[in-house]
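Following: one structure in structure tokens, then a few remarks.
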Amino acid sequence: MSAALDARILVHGHRGARAVLPENTMPAFEYAIRIGADVLELDLAVTRDNVVVVSHDETMNPAYCAGPPGATNVIREMTFAELQRWDCGAKQNPRYPKQKPIPGTRVPTLDQVLALAPRGSFEFNIETKITVENPQYTPPPEEFARLVLDVIRRHKLEARVMVQSFDFRTLHAMKKMAPEIRLSALDETGGRDFVAVAREAGAGIVSPMHTFVTPALVEQAHKAGLQVVPWTANTPEQWDALIAAKVDAIISDDPEALIGHLKKRGLR
């Protein structure tokens, strides 16, 4: 492989490709695979019967999900069967005008998403959605990490998965159980250098909000042996700033447009 290809900026399809299709759904992930995304980025929650499912929110978001009248909207309070009564494709997310609704789209399991692996060599960037403030929404961090690891190992995808989180407790637990799995420290606060964030998390990847990224911070991280994968950049101006900073990958809601932009720049 050439040095140029070795150094290319990878494209993570954020929640699959939520600018185009309902987020964190099988149609969105299948689309991201078709258009050539390098990584599928997704979020995890856990049902009452301990099924690991793909959802950004711990509660079903009424902006784009509709469920049975009077039912709880807390994923941790539902069995997986009860969660399947929710339609998360019929409503267009109002924040994404070109998103195409797909009525009847259900919340998938992590098992279902990882089962897409034979369709290519892409990787998976999976986020544990957990907070100290709301322990009722998730299993304890060690159990959450174990449930996720069980699914990863069932598919034998340890080498193709990275686990990310804002709450580093699940990262620490994962590192103890499976040190071979890559870890990514999400950062939404800024104010610290990327090396310090990664060290606190015990991670080899730091994933800051894209507005925090500077060439100096990226250079410092690279010298420490870290990768920098910012989120969520969606415009050519944002992409160009990250390209100039020499990041390793970009998380975007519109991976196809990002791939096209990188091609125009001669970077893909």
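Only the coordinates and a few stated rules stand behind these numbers; no lab work does. Quantities reported herein were computed from a predicted structural model and do not represent experimental measurements. Reconstructed Cβ throughout: ideal geometry from the backbone, glycine too, with neighbour counts over all protein chains shown.
Of the residues ILE181, ILE259, PRO208, the one whose Cα sits farthest towards the positive end of the charge dipole of the chain is ILE259 (charges of +1 on Lys and Arg Cβ, -1 on Asp and Glu Cβ, taken about the Cα centre).
Taking a point 7 Å from the Cα of LYS98 along the Cα-to-Cβ direction, the residues of the range 225-268 with backbone N closer than 13 Å to it are 234-236, 253-261. Cα-based values for the chain, radius of gyration first and Dmax second, are 17.8, 58 Å. Can you tell which of ALA117, ALA32, ALA71 shows the greatest fluctuation in a Gaussian network model of the chain with Cα springs below 10 Å? Result: ALA71 has the largest fluctuation of those listed. Working note: Karplus 6.51/-1.76/1.60 with θ = phi - 60° gives the range 100-108 the couplings 9, x, 9, x, x, 6, 9, 5, x Hz, where Gly and Pro are set to x.
Normalising the average separation of contacting C-alpha pairs (under 8 angstrom, six or more residues apart) by the number of residues puts the relative contact order of the chain at 20 percent. When only Cα pairs below 8 angstrom with a gap of at least 6 residues are kept, the range 85-225 shows a relative contact order of 16 percent. Taking the alpha-carbon centroid of each part, what is the distance from the range 103-134 to the range 53-86 in angstrom? After rounding, the separation between the Cα centres reads 16 Å. Please go through the residue pairs LYS129/LYS156; LYS129/LYS175; LYS176/LYS246; LYS98/LYS264; LYS156/LYS246 and name each one whose alpha carbons sit more than 25 Å apart in this structure. Result: LYS176/LYS246; LYS156/LYS246 exceed 25 Å.
If the chain linking THR59 and ARG199 were pulled fully straight, counting 0.36 nm for each residue of separation and taking away their Cα-Cα distance, it would gain 47.3 nm. Each of ARG192 and ALA90 was given a label point 7 Å from its Cα along the Cα-to-Cβ line. The distance between the two points is 4.4 nm. Most tightly packed first, judged by the mean number of other beta-carbon atoms within 10 Å of their residues, the peptides 252-262, 85-95 read 252-262, 85-95. In sequence order, the range 34-48 has phi-based couplings of 4, 8, x, 4, 7, 9, 9, 9, 8, 10, 10, 10, 9, 6, 4 Hz under the Karplus curve 6.51 cos²θ - 1.76 cosθ + 1.60, θ = phi - 60°, and Gly or Pro positions carry x. Per residue, the chain reaches -8500 deg cm²/dmol at 222 nm when only DSSP H runs of four or more residues are counted, each adding -39500 (n - 2.57).
Tally the DSSP beta bridges in the range 159-224 and give the antiparallel ones as a percent, rounded to 5.
Values: 0 of 8 bridges.
Close to 0 percent.
Of the peptides 223-234, 13-24, the order by per-residue mean of other Cβ atoms within 10 Å, starting with the highest, comes out as 13-24, 223-234.
Each residue of the range 143-151 was assigned a 3J(HN,Hα) from its phi angle through the Karplus expression (A = 6.51, B = -1.76, C = 1.60, θ = phi - 60°), giving 5, 4, 4, 5, 4, 5, 4, 4, 5 Hz with x at Gly and Pro.
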